[in-house]
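See structure below.
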Amino acid sequence: MTKFPKEFLWGGATAANQIEGGFDQDGRGLSISDITTAGSLSEKRKITYIDQNGKPGEVVALAGRNNIPHGAQGAVLENKFYPNQLGVDFYHHYQEDIRLLAEMGFKVFRMSISWSRIFPNGNEEKPNRAGLDFYRKVFQELHKYNIEPLVTISHYDDPLYISQKYHDWSDRKMIDLYVHYAETLFKEYKGLVHRWITFNEINAPLLMLTFDEDASDSDYQHAYQKLHYQFVASAIAVKMAHEIDPQNIVGNMICGTTNYPATPDPKDILLARHKWEQLIFYSSDVQAKGMYPSFAIRLWKDHDVQLDITQNDLEKIKNGTVDLYTFSYYHSTLATTHKIQDQVSGNFATGAKNPYLKYSEWGWATDPIGLQYFLEIIYDCYHLPMMIVENGLGAKDNIENGEVHDNYRIEYYRDHIKAMKDAINDGVDLIGYTTWACIDEVSAGTGQMSKRYGLIYVDRDDEGRGSLKRIPKDSFYWYKKVIASNGENLD
Ligand code: BG6
């Protein structure tokens, strides 16, 4: 029987913009998530702005992307509710929260740093000391319990100022700003943090376009150019992290959706293969192999994309490959060239409904075998140690006599952990797993609190009301047993 490696990193994951709150505290600047409204399953989240004539407006939010019309200025509007400004107030509850993570026996805690807490506008020369100090305290608190931080440098919350000025990474200047930010973190937290992720779900801009039927060639131009600048920024950061501290381990982060063909029609098989190329391998090859794949030329041609890529960029990419392949996994999706009878949409994915799978209230398929499949395909391609840094079930929870009985979540985790074991059995070098999330947080996609992912319940509702009391769910006690037995006891 395969066992998890002795040093397996069990833990949970979060993102600053979804848990911290304190959006206007201690010199923090506004980020793109602070001007993103609440939504729901039926209503898309919006980014709000003031246009050239001083009139308020809004545009559909696209996972951290700044798509505010040219000439308008992103703004917080009166009478609108912005859930990420509040999160679950980790900013003031971090000690209590980390104590609970320690009680579960966490070995690792994935969190992100809010760029605008360190550089309020994103382009300052000197960092905001209060922001740096906050994260130092968080890291020290984690170390108190022997929990290792795994830090995402950028997780869907670019500072609003630079995001506007440089049109959401349309300008190469963003590379320097990101590198300066990353260098500041590597130097400041040398010895406190050894595991880093450069960008959360770097492939998201491409995933979002396949989601959007109206996406134009110019949307693809923007997405591929943004990605190129981020690839270069990431590669420079990887090299720098190693130079500053040879103990640093740096990972990429891919939104890992498993694409299956919906029918045996060879056209569907080829379509599924092409989806893997565009949505997974394109970004993975650049970050893990240090080069663009051969099919990149076809992908660019498809949308008449002309990129600003220099020889120097390609050198940087070659010399800045990641040490670790990290990814999020929530579900699989079906690709088909045939008419879809029953359409479903999940995390940046849309396609035909799979009759063999169960779907959550938000339309996300539960498919643990898809996780095993993803692990095996990717390990075979890149031969890098792998870590699943997000996986979980968004569901409504009920409190009964002060307790949350979330058996559905336990079942979800149990099946995915079994699939991880099977992948290890098949030779995959899987070194860790951080559940999404460990504590309830604001949903990135819908802005809801009621789409809960935590092992710890937080008393806050979709309108931002509640006592913020933390309540360990049944899954909390279950996961504690899993960690204590290093994945042996899944009952
Ligand atoms: C991932 C993101 O794509 O999915 C997280 O990295 C996000 O930030 C998670 O929260 C779950 O998605 P959602 O939309 O249900 O919050």
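The values are calculated or read from the model by the stated rules, or taken from the named source; none is laboratory data. Model, not experiment: these values are computed from the prediction. Glycine also receives a Cβ, built like all others from the backbone with ideal geometry; neighbour counts cover every protein chain displayed. Only protein heavy atoms, including side chains, enter the accessible area calculation; ligands, DNA and RNA are left aside. Shrake-Rupley method; radii C 1.70, N 1.55, O 1.52, S 1.80 Å.
Numbers for the structure displayed
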quantity: Number of the exception - Asp245 against (1) at pLDDT 95 or above; (2) open to solvent by 30 Å² or more (accessible area, probe 1.4 Å); (3) over 21 Å from the mean Cα position of the chain (by Cα); calculated: (2)
quantity: Selected residue (criterion: nearest to Ile202 (Cα to Cα)) from residues of the range 327-346 that are modelled with pLDDT under 90 and more than 23 Å from the chain's Cα centre (by Cα); calculated: Gln343
quantity: Set Ile153, Ile162: member being surrounded by 19 or more Cβ atoms within 10 Å (Cβ to Cβ), touching a Ser or Thr at 6+ places or on another chain (Cβ under 8 Å), modelled with pLDDT of 95 or more and not in a loop (DSSP other than H, G, I, E, B); calculated: Ile153
quantity: Set Ser360, Ser345: member being surrounded by fewer than 19 Cβ atoms within 10 Å (Cβ to Cβ) and touching a Gly at 6+ places or on another chain (Cβ under 6 Å); calculated: Ser345
quantity: The range 347-384: number of residues that are away from the ligand (no atom under 16 Å from the Cβ), in a strand (DSSP E or B) and modelled with pLDDT of 90 or more; calculated: 1
quantity: Top-ranked residue in the range 464-491 [being closer than 15 Å to Gly402 by Cα and part of a loop (DSSP other than H, G, I, E, B); ranked as least open to solvent (accessible area, probe 1.4 Å)]; calculated: Lys473
quantity: When residues of the range 385-421 are limited to those that are of a type in the set (Val, Ile, Thr) and open to solvent by less than 50 Å² (accessible area, probe 1.4 Å), the one nearest to the ligand (Cβ to nearest atom); calculated: Val389
quantity: Matching residues, the range 68-98, being part of a helix (DSSP H, G or I), open to solvent by 20 Å² or more (accessible area, probe 1.4 Å) and in contact with a strand residue (DSSP E or B) (Cβ under 9 Å, 6 or more places away or on another chain); calculated: His93, Glu96
quantity: Which numbered condition Val344 misses (of (1) of a type outside the set (Asp, Glu); (2) within 16 Å of the ligand (Cβ to nearest atom); (3) more than 20 Å from Phe281 (Cα to Cα); (4) assigned to a loop (DSSP other than H, G, I, E, B)); calculated: (4)
quantity: Set Leu132, Leu206: member being within 16 Å of the ligand (Cβ to nearest atom), open to solvent by less than 10 Å² (accessible area, probe 1.4 Å) and in a helix (DSSP H, G or I); calculated: Leu206
quantity: Test for Leu227: is it farther than 30 Å from Gln140 by Cα, buried (at least 21 other Cβ atoms within 10 Å of the Cβ), in contact (Cβ under 8 Å) with a residue 24 or more places away in the chain and touching a strand residue (DSSP E or B) at 6+ places or on another chain (Cβ under 7 Å); calculated: no
quantity: Test result for Arg452, more than 16 Å from the ligand (Cβ to nearest atom) and not polar (S, T, N, Q); calculated: no
quantity: Number of positions in the range 427-444 that are part of a loop (DSSP other than H, G, I, E, B) and more than 8 Å from the ligand (Cβ to nearest atom); calculated: 5
quantity: Residue check for Glu58: part of a strand (DSSP E or B) and either free of Cβ contacts under 8 Å to residues at least 60 places away in the same chain or open to solvent by 40 Å² or more (accessible area, probe 1.4 Å) (or both); calculated: yes
quantity: Pair list, Cβ < 9 Å and 6+ apart or interchain, from the range 357-371 residues that are β-branched (Val, Ile, Thr) to residues that are within 11 Å of the ligand (Cβ to nearest atom); calculated: Thr366/Tyr330; Thr366/His331; Thr366/Ser360; Thr366/Leu393
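Residue-by-condition table, conditions (1) crowded, with 16+ Cβ neighbours inside 10 Å; (2) more than 16 Å from the ligand (Cβ to nearest atom); (3) under 23 Å from Ser112 (Cα atoms):
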{"position": "Phe199", "(1), (2), (3)": "yes, no, yes"}
{"position": "Phe231", "(1), (2), (3)": "yes, yes, yes"}
{"position": "Ala237", "(1), (2), (3)": "yes, yes, yes"}
{"position": "Ala241", "(1), (2), (3)": "yes, yes, yes"}
{"position": "Met253", "(1), (2), (3)": "yes, no, yes"}
{"position": "Pro264", "(1), (2), (3)": "no, yes, no"}
{"position": "Leu271", "(1), (2), (3)": "yes, yes, no"}
{"position": "Gln278", "(1), (2), (3)": "yes, yes, no"}
